1. Report yes if some residue within region 14-37 is acidic (Asp, Glu) and over 23 Å from Thr103 (Cβ atoms); otherwise report no.
2. Could you tell me which of the residues Ser66, Ser89, Ser73 is within 30 Å of Ile139 (Cβ to Cβ) and surrounded by fewer than 10 Cβ atoms within 10 Å (Cβ to Cβ)?
3. If a residue counts only when it is of a type in the set (S, T, N, Q) and under 16 Å from the mean Cα position of the chain (by Cα), which helices (runs of 4 or more DSSP H) contained entirely in region 51-165 have at least 3 such residues?
4. Any idea which of Ile35, Ile54 is β-branched (Val, Ile, Thr) and touching a helix residue (DSSP H, G or I) at 6+ places or on another chain (Cβ under 7 Å)?
Amino acid sequence: MEQNQENRSNNLDKIISLIKDNKKKFYLIIVLIIIIIFSIFIYYLYEQRKNISIAERYIQAGLLLSSEDRDQSKKVFEDIIKSKNSFYSILSLNTIIEKNLETDENKVLNYFQIVENLNINSQQKDLLTIKKALFLIKIGKNDLGKKLLKELSERKKDLNFMIDDILIRQN
């Protein structure tokens, strides 16, 4: 029993001695850990505020759209897409397409490109691909739209029934 206590006190003495010998390194490591934790916290707050700001802009764009200020609404939706927010960019693109806010097909395809490059899950990418294919079919680029649907169909066998239905309706 005494030997066990002696080993503990020896270990404690060794640790205290190690800390005394390397005070500067020890303090430096503590300060670095605190700085890293503080930086992560600041970054988290920044991202949260940025997300809240984009959400407010999305609401603002919706209000502008409902008050028939389509041009200003379109600009706000475009800014949201360019902000590359993984949630609100997709919603903004959908609104632009559904409400026909943009008449330039190339701009809409560019918006699709921006949103496709976002860090989104595979289900969202699949839905975006379907939306893009339907948009292409709508603007008269049937072959390209059908090609996208077929590629998606080959990748996702469980979507075959839905994609086949869309292709049948287009013929």
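1. Kept after step one, since they are acidic (Asp, Glu), are these residues of region 14-37: 21.
Checking the rest, the ones that are also over 23 Å from Thr103 (Cβ atoms) come to 21.
Yes, that holds for at least one residue.
2. Numbers: Ser89 fails: surrounded by fewer than 10 Cβ atoms within 10 Å (Cβ to Cβ); Ser73 fails: surrounded by fewer than 10 Cβ atoms within 10 Å (Cβ to Cβ).
Residue meeting the stated conditions: Ser66.
3. Working: elements: 70-83, 88-98, 105-116, 122-138, 142-155.
Filter on region 51-165 gives 88-98, 122-138.
4. Working: Ile35 fails: touching a helix residue (DSSP H, G or I) at 6+ places or on another chain (Cβ under 7 Å).
On inspection, the qualifying residue turns out to be Ile54.
Read-outs: derived from the displayed coordinates by stated rules, not from any lab. Source: prediction; values computed, not measured. So basically every Cβ, Gly included, is an ideal-geometry build from the backbone, and we count neighbours across all protein chains shown.
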